[in-house]
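S.K.: Encoded as structure tokens, here's the structure I'll be asking about.
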Amino acid sequence: MAMDTHQKLKVLADAAKYDASCASSGAKRSNKGKGLGNATGSGICHSYTPDGRCVSLLKILLTNRCIYDCRYCVNRVSNDVQRAAFTVEEVVRLTIEFYRRNYIEGLFLSSGVVGDSDRTMDLLAEVARRLREDEEFHGYIHLKGVVGASDEALAKAGRHADRISANVELPVQEDLNKLAPEKSIEEAEGAMGFLKSGIDRSKERGRRARPPRFAPAGQSTQMIVGATASTDSTILGTANRLYDTYRLRRVYYTAYSPIPNAHQDLPAETPELVREHRLYQADWLLRFYEFGIEEVVTRDDGNLDLEVDPKMAWALANRAFFPVDLNSAPREALLRVPGLGTRSVAKILKARTRRRLREADLRELRAPVKRIMPFIVAADSWSAAAKRLDAPGLRAEVKPPSQQLMLFEASTSAATGQV
Ligand code: SF4
């Protein structure tokens with residue numbers, strides 16, 4: 001019996017939940033007073049559930065049929081699941097209806113590969129084209145960049161989407177050989193390379209240029225964590241290389257989620273969610289705090305410390321670097337203090353031009369004083385800091401309670417990467 005749109009939505013929204021690469025920060029598409037929606041400004045989608053879903057986009061697959069057999073994927077051709085496929089028209093109608101009802105602010109559209117990569121990319125791009133040109137929809141659109149699609153097909157997508165993500169899926173080719181032998185990192189990087197040149201060219205032409213800007217919110221990718229034995233060091237190494245080479249806006253780390261009828265090569269259990277969060281924190285340190293991979297990965301097995309965040313792990317392993325003097329240390333040293341982020345450091349640098357800072361000043365800055373105090377000296381706290389740094393129980397003192405680790409940290413991971 002043929003499914004109606006509502007039944008398809010149930011199947012295809014559920015099938016899309018394994019893809020976490022759908023944040024919409026950075027969109028600059030504005031509505032000049034005509035048509036629907038507006039993706040300008042603060043970013044419309046920063047809300048994540050623990051399983052990686054981004055809740056204010058309509059997040060669906062065009063179809064969960066697929067010619068490939070990636071073992072980690074619920075939609076692989078050999079899996080016995082209910083299949084469904086939207087038409088382009090149905091996705092356009094759903095997006096407009098949901099937008100008008102205020103359910104969503106944009107669309108995240110991915111798909112299994114049907115026919116071939118080009119045809120699939122064309123169908124996704126056609127949804128975006130129709131939303132923009134026929135419906136005058138100015139809301140956020142994030143399309144999956146189908147790896148293996150031609151430059152022409154990717155170019156169609158870039159003309160109408162805010163962001164495109166071509167997923168690398170696993171950190172090294174050996175992992176793909178094992179779990180998705182039809183895929184290659186080289187091919188994924190080919191798509192990223194094409195998208196990067198389109199984005200660069202469009203930036204050079206400026207905002208008012210015609211044709212309109214190409215994927216103005218940039219590109220991202222996703223890596224599955226814990227489906228293979230690759231370490232966090234390897235995962236972060238691949239992420240770093242992709243950021244540098246293709247200027248990605250984000251790499252999304254998705255804890256492998258056991259799927260029905262999983263292949264025997266896959267782990268039976270999901271890795272601890274906190275691992276995903278630690279990777280986001282480490283990613284943040286690498287990009288914005290000038291840490292190196294060998295600094296954030298402090299364990300001998302090449303994985304991140306799960307008990308404490310990577311900046312704290314580095315601080316505990318490098319106690320000789322501390323205490324850092326709040327009143328005289330350079331910015332780079334202050335940024336190494338656990339609990340001090342870029343904004344707090346900027347406030348400290350400004351405040352200390354007017355007076356010598358004391359412990360109480362940290363409270364005024366709303367900094368997490370308990371975490372920070374063992375690692376700094378203020379005008380009134382030299383001896384206390386020195387004593388606490390030497391204390392054997394310091395790790396236990398700064399370690400977050402395990403309940404907090406699971407509930408708070410895992411649920412905020414992709415949105416903040418906070419350190
Ligand atoms: S190509 Fe994508 S949808 Fe198809 S099996 Fe692989 S991961 Fe799943």
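S.K.: Looking at (1) in contact with a Gly (Cβ under 6 Å, 6 or more places away or on another chain); (2) farther than 20 Å from Cys73 by Cβ, can you tell me which one Ile164 breaks?
M.R.: Failing condition for Ile164: (2).
S.K.: Tell me, which residue of segment 77-90 that is more than 16 Å from Ala13 (Cα to Cα) and within 16 Å of the ligand (Cβ to nearest atom) is surrounded by the fewest Cβ atoms within 10 Å (Cβ to Cβ)?
M.R.: Step by step, filter segment 77-90, then rank; the result is Asp80.
S.K.: Do any helices (runs of 4 or more DSSP H) lying entirely in segment 272-356 carry at least 1 residues that are assigned by TED's automatic domain parsing to the domain that holds Ala391 and of a type outside the set (S, T, N, Q), and which ones are they?
M.R.: In segment 272-356, 310-317, 331-334, 342-351 are the helices (runs of 4 or more DSSP H) which contain 1 or more residues that are assigned by TED's automatic domain parsing to the domain that holds Ala391 and of a type outside the set (S, T, N, Q).
S.K.: Follow-up question, since we're still on this one. Out of all the residues in segment 138-158, which are modelled with pLDDT of 95 or more and farther than 23 Å from Ile185 by Cβ?
M.R.: The one that is modelled with pLDDT of 95 or more and farther than 23 Å from Ile185 by Cβ: Lys156.
S.K.: Something else: For segment 91-193, give me every one of the helices (runs of 4 or more DSSP H) that falls completely inside it and has 2 or more residues that are closer than 30 Å to His263 by Cβ, away from the ligand (no atom under 12 Å from the Cβ) and touching a Phe, Trp or Tyr at 6+ places or on another chain (Cβ under 9 Å).
M.R.: none
S.K.: Quick one: count up the residues across segment 151-201 that are surrounded by 21 or more Cβ atoms within 10 Å (Cβ to Cβ) and β-branched (Val, Ile, Thr).
M.R.: 3
S.K.: Considering only segment 366-383, state which residues are surrounded by 17 or more Cβ atoms within 10 Å (Cβ to Cβ) and more than 20 Å from Pro400 (Cα to Cα).
M.R.: Of everything in segment 366-383, those that are surrounded by 17 or more Cβ atoms within 10 Å (Cβ to Cβ) and more than 20 Å from Pro400 (Cα to Cα) turn out to be Val377, Ala378, Ser381.
The values are calculated or read from the model by the stated rules, or taken from the named source; none is laboratory data. Keep in mind that this is a model prediction, so the values were computed, not measured. Here Cβ is always computed from backbone atoms with ideal geometry, including for glycine, and neighbour counts include all displayed protein chains.
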